[in-house]
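Please read through the structure below; I'll follow up with questions.
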Amino acid sequence: MARVGDTRTEASTAGVQDTAVVGPGQEGGDDAARAIDPAVAERLVLQLRSICGEEHVVTHPHQLRTYESDGLLQYKVSPSAVVLPADGDQVRRVVRACWEAGVPWVARGAGSGLSGGALPVADGVLIALSRLRRVIEVDLDNQRVVVEPGVTNSAVSDAVGPTHFFPPDPSSQIVCSIGGNVAENAGGAHCFKYGFTTNYVTGLTVILPDGELVELGGKEMDRPGYDLLGAFVGSEGTLGVAIEITLRVIPVPEHVQTMAAFFATTEEAARAVSGIVADGVVPAAIEMMDQLAIEASEQAAHAGFPTGAGAALIVELDGSAAECEARFDGVVRVCEAEGATEVRIAGDEAERATFWRARKAAFAAMGRIANHYYVQDGVIPRTKLPEVLRRIYELGDEYGMRVANVFHAGDGNLHPLVCFDTAEEAERAEELSGRIVEACVEAGGSITGEHGVGFDKKRHMPAMFGEPDLAAFQRLRCAFDPDGLANPGKVMPTPRLCGEVPGLYREHPLERDGLAERF
Amino acid sequence: MVPAVSSPRREAPAAQAEVADLLATCAREGCRARVAGGATKLGWGHPLPDPDLELSTRALDRIVEHNEGDFTAVLEAGVPLARARAAFAASGQMLALDPPLGDGAAATVGGVVASGDSGPLRHRYGGPRDLVLGVTMALPDGTLARAGGRVIKNVAGYDLAKLNTGAFGTLGAIVQVAVRLHPLPQGTCTAVVRSADPEALAPVSAALAHAQLELQSLDARWGGGGGTVLARGGGAAARQQAEAAARVAEERGLAAELVEEDDQLWDDQRRAQSSADGVLVRVSGVQAQLEAVWRASEAAGARSVATRVAAGVSYVCVDDGEGAAAAVEHLRRALAPSPCVVLDAPAAVREAVDPWGVPEGAELQLMRRLKAQFDPAGACNRGLYVGGI
Ligand SMILES: Cc1cc2nc3c(=O)[nH]c(=O)nc-3n(C[C@H](O)[C@H](O)[C@H](O)COP(=O)(O)OP(=O)(O)OC[C@H]3O[C@@H](n4cnc5c(N)ncnc54)[C@H](O)[C@@H]3O)c2cc1C
């Protein structure tokens, strides 16, 4: 779960809020700590400089600070060096040099991740991909675009618009990189209908941890052999670095129709969500906000949502005009039948934008309600929404903390925001957030729907996966990274080496300190 | 287990753990196991000697969960796809996988996922890799390993479900899958565009792939000197969609016929992607290559070509006989670098040409390392897969 930090600051134009840390910065990240001979490290830095140029290798402690966290600020680790290669070939040489030196590395896109995925490894190298920003090829005839990993998510759709678009649309899309989207299998508000990043990647050029270049897939689909693409997407930077990405893009929908419906309770709204889907409608998006989220959002976005409402649903249908029209009335009827107190239909693009502004403002606007909050990311089967939401509010009462919910209801992907006011409460808020994700797993769901496991959630992995499952994951990892150099200490709950007998594991330094067992 | 027996030992365990046990025994004793579902695709891949152990998923045939409100289901691998689809249809839902089902409609869910096979519905819903949410594997180390989940959105852990989709059971046996379901479209209607001129027909197919139509399926067919493009609407506005598709064709100078009772048309398309007596080649191309695929197929003496237009995937059927291997090689040369995989074919053809055609290189090396990680003893379908994996 992510502490997005000091919410008193306004949301930045990028849609990603400014952040600041409260309380003592927590150590983390380096459970794969290995002793690296200083002489080796020094030689490596010289080599990195000769590959990327003096000015593209950062080692000064002050400058390193920029890179010590990703979007999840409570963990900080300073790498020994940050390197900013200019192109894929420099990435290859950097990775190769690390391999030769036996030094671990972490790839970093825009650093907007919310699970500590791009948290550096102490004594390791951070490979920042922000200079790899070329759109290599736009091939609309074949509905493909080929980009470097540092290109932002929005820039991909810009490159293929206005006729086509790239459907995965994380709220962070103006800043987050396609490489990060691939590594996290990013989703967004529209993935209920359109799917996730993994459904749109057809080719990757990857630098394996030994510095070898391998092309997985291409522009074609259904290629013979193991679906290594499918395995790489969502692997959180632990299998290699993607230096070139081929994406499928699709025609923009002919028609979009959006409505906002308000309910007295989240329970009614949740029943409406199920009712709409049960009717055979596949909306492009179904987003829910609860009362606290509406209240916060109104203070920032002034969309005119009724602040007394217990829940708001934003439902968007898109596709052919005929299909939208045939379906839209039915959606309105379901909302009314479930007790909607009001249904507003966007009459034009401006009104539609207002609805979405209200939705998108909700996160950042929490600052008007509380000083700080943690963002949780859990998934439940959609039909369990009423009971799990009830459970979340009960847990909030138990902890004496307010929890706001603003989330992708169609997917059952919850983003509970645990609010707290003082640094002293941080620990309890974190505990509450952990209890919430446990409730998701108990309901048959998942510990993460889009933010990834990274460093932050690996301790929850055993709630979902048993030892044989984890051992199978490790087999995949070892095929790509036998030396354990790629983003070590992420995803897997306990560090393990390739070839190690499953079940044996080294104690996590945080466990030893009694820090990681707080959940 | 007695190795090197002339007829394989046959097992059809009813418990998932038993599959893992049998694979582990097999791995220990250095024997070869062949995992089979409906046994409809045993003629795919490198021809192999009889296995020591024939492991059928037939008895793993439970529909474990059908979560109607969530549009998800959990199925054991041996459930015949036809049975699963019928069960979901009763609630107005569908598992959007419609590959050819083989003799007696025997294809099982596990077999379809393991072979990565799909049909015309993939245009709108994707293939097995896009519909499988989670998987349970029986591994040759004797364990049952799960990956993914049974919710429609989930990024926890590595996506072993995709890794095993299309892996032909070479990393272990799929014993259970969780899948996403979709609403069963209430009605369908297909616009059929015919022409004997590839230069007129290919642009219509391209225009339809780029139109804002949200078709359920978009296929093409070529053979006997003429071709067809089929655009199927599905759902509340099926007919309007087909009409809009017809207009797209008319704007490009070709007339279209609208067919409401269209099941037969699509059954024919699915039939054209399998062959009992010929040699079937799957070409993984790109959209703009369609005309080139038609021409290369004609030059190779193909009977017919069925294409998923937007996916760029074509199924080319050539006659079996002396020229079959040469025809495959012609397709590979003419369409390089698009992969051409031999699917249904007599063993002699699959001996004469490598059915997979994956060149040596870094990608194949990586696949070999993966195989070595999951199945070091080579118990699972050894030799069947790409590069002889
Ligand atoms: C305000 C806000 C809103 C958000 N909303 C959403 C949302 O709606 N949906 C969603 O899915 N996520 C969301 N996120 C999370 C985040 O934006 C996504 O996870 C995004 O995909 C991360 O991209 P990035 O470039 O910032 O990656 P980083 O944070 O830099 O890295 C993420 C992971 O990817 C790896 N990585 C990066 N580049 C590469 C590469 N080229 N090759 C291999 N590995 C690589 C890193 O090692 C790391 O493990 C949100 C974040 C914020 C701050």
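The values are calculated or read from the model by the stated rules, or taken from the named source; none is laboratory data. Because the structure is a prediction, the values reported are computed rather than measured. With ideal geometry, Cβ positions are generated from the backbone for all residues, glycine too; neighbour counts draw on all protein chains shown. Ligands, DNA and RNA are stripped out before the accessible areas are found, and what is left, the full protein with its side chains, is counted by its heavy atoms. Shrake-Rupley method; radii C 1.70, N 1.55, O 1.52, S 1.80 Å.
Which longest uninterrupted range of chain B lacks any GluC sites (Glu not before Pro) assigned by DSSP to a loop state (not H, G, I, E or B) and surrounded by at most 14 other Cβ atoms within 10 Å?
Values: sites that count: B:Glu260, B:Glu261, B:Glu322, B:Glu360.
With a cap of 14 other Cβ atoms within 10 Å, the longest stretch comes to B:1-259.
Considering only protein heavy atoms, what is the solvent-accessible area of A:Ile174 at a probe of 1.4 Å, reported in Å² to the nearest 10?
Number for this one is 100 Å².
Nothing charged except the Cβ atoms of Lys and Arg (+1) and of Asp and Glu (-1): what's the magnitude of the dipole of region A:255-442 about its Cα centre? Round to the nearest 20 debye. Intermediate results must be reported in sequence, preceding the final value.
Working: 16 positive and 32 negative charges, 42 e Å.
The dipole magnitude comes to about 200 debye.
Using 20 Å bins from zero, what percent of all Cα-Cα pairs in the protein assembly as shown falls into each bin?
Histogramming the protein assembly as shown at 20 Å steps yields 15, 48, 33, 4, 0 percent.
Taking chain A as the reference, fit the longest principal axis to its C-alpha atoms, fit the long axis of helix A:38-52 to the helix C-alpha atoms, and give the angle between the two in degrees, 0 to 90, nearest 10.
70 degrees
Size of the dipole of the protein assembly as shown about the Cα centre, Lys and Arg at +1 and Asp and Glu at -1 on the beta carbon, nothing else charged, in debye to 20? Could the numbers behind the result be given before it?
Working: 82 positive and 120 negative charges, 219 e Å.
Around 1060 debye, computed over the protein assembly as shown.
Can you tell me the length gained on complete extension of the stretch A:Arg49 to A:Thr341, counting 0.36 nm per residue apart and subtracting the Cα distance?
Here the answer is 98.8 nm.
Set Lys and Arg Cβ to +1 and Asp and Glu Cβ to -1, take the dipole of region B:146-247 about its Cα centre, and tell me which of B:Gln240, B:Trp222, B:Ile174 lies farthest positive.
Checking the options against the dipole of region B:146-247, the answer is B:Ile174.
Moving on to the next point. Could you state the principal axis extents of the C-alpha atoms in region B:1-157, from the largest down, to the nearest angstrom?
Answer, in whole Å and largest first: 49, 34, 24 Å.
Grab the beta carbon distance between A:Arg333 and B:Glu260, set R0 = 30 Å, and tell me the FRET efficiency rounded to 0.05.
Details: r = 27 Å, r/R0 = 0.91.
The pair A:Arg333/B:Glu260 has a calculated efficiency of 0.65.
For region A:42-104 and region B:175-212, what is the separation of their Cα centres, given in Å?
Region A:42-104 and region B:175-212 have Cα centres separated by 48 Å.
Tell me the relative contact order for chain A as a rounded percent, counting alpha carbon contacts under 8 Å between residues six or more apart.
Numbers: 1181 pairs, mean separation 83.1, N = 519.
In percent, rounded to a whole number, it is 16.
I would also like to ask the following. For chain B, what's the relative contact order in percent, using C-alpha pairs closer than 8 Å and at least 6 residues apart? Could the numbers behind the result be given before it?
On the way: 908 pairs, mean separation 68.9, N = 389.
Value for chain B: 18 percent.
Would you tally the net charge around B:Ala196, using a Cβ to Cβ cut-off of less than 13 Å, leaving B:Ala196 out, and scoring K and R as +1, D and E as -1? Before the final figure, lay out the partial values.
Values: positive: B:Arg194, B:Arg221; negative: B:Asp197, B:Glu199, B:Glu298.
Cβ neighbours under 13 Å give a net charge of -1.
Let me check I've understood the local charge: for B:Arg303, count other residues with C-beta under 14 angstrom from its C-beta, Lys and Arg +1, Asp and Glu -1. What total comes out? All intermediate terms of the calculation are to be shown ahead of the outcome.
Values: positive: B:Arg221, B:Arg271; negative: B:Asp268, B:Asp277, B:Glu298, B:Asp319, B:Asp320, B:Asp344.
Around B:Arg303, the surrounding residues sum to -4.
Hey, for a label at B:Asp277 modelled as a point 7 Å past Cα toward Cβ, could you say which residues of region B:334-348 have their backbone N under 17 Å away?
Within reach of a label on B:Asp277: B:344-347.
Along the positive direction of the dipole of chain A (beta-carbon charges: Lys, Arg +1; Asp, Glu -1; about the Cα centre), which of A:Gln376, A:Ile127, A:Val146 reaches farthest?
Projecting each Cα onto the dipole axis, the largest value belongs to A:Ile127.
While we're on this one: Antiparallel DSSP bridges in the protein assembly as shown: what percent, to the nearest 5? Walk me through the intermediate numbers first.
Details: 123 of 141 bridges.
Looking only at bridges with both residues in the protein assembly as shown, the antiparallel portion is about 85 percent.
Would you mind counting up the charge near B:Arg150? Only other residues with Cβ under 15 Å from its Cβ, with Lys and Arg at +1 and Asp and Glu at -1. Don't jump to the answer; show the numbers that get you there.
Values: positive: A:Arg382, A:Lys384, B:Arg62, B:Arg146, B:Lys153, B:Arg180; negative: A:Asp411, A:Glu442, A:Asp469, B:Glu65, B:Glu68, B:Asp70, B:Glu76, B:Asp159.
Local net charge: -2.
Separate question: Helix A:88-101 versus the longest principal axis of chain A: what angle, 0 to 90°, nearest 10, using Cα atoms?
Compared with the principal axis, the helix lies near 50 degrees.
Follow-up. Taking the convex hull of the Cα atoms, report for region B:119-273 its projected area averaged over all directions, in nm².
Values: hull surface 44.5 nm².
In nm², the orientation-averaged hull projection of region B:119-273 is 11.1.
Now for a separate question. Add -39500 (n - 2.57) for each DSSP H run of 4 or more in chain B, then divide by its residues: what number comes out at 222 nm, to the nearest 500 deg cm²/dmol?
Values: 13 runs with 120 residues, N = 389.
Dividing the helical sum by the residues of chain B leaves -9000 deg cm²/dmol.
Over the heavy atoms of B:Trp222, what accessible area does a 1.4 Å probe trace out, to the nearest 10 Å²?
Counting only protein heavy atoms, the figure is 10 Å².
Normalised by the residues of region A:255-442, what does the relative contact order come to in percent, with Cα pairs under 8 Å and at least six apart? It would help to have the intermediate numbers written out before the result.
Values: 356 pairs, mean separation 53.1, N = 188.
Once normalised by length, the contact order is 28 percent.
Using 1/(1 + (r/R0)^6) with R0 = 56 angstrom and r between the beta carbons of A:Asp279 and B:Gln365, what's the FRET efficiency to the nearest 0.05?
On the way: r = 50 Å, r/R0 = 0.89.
Plugging the Cβ-Cβ distance into 1/(1 + (r/R0)^6) gives 0.65.
So what's the gap between the Cα centers of region A:337-389 and region A:166-231, to the nearest angstrom?
That distance is 28 Å.
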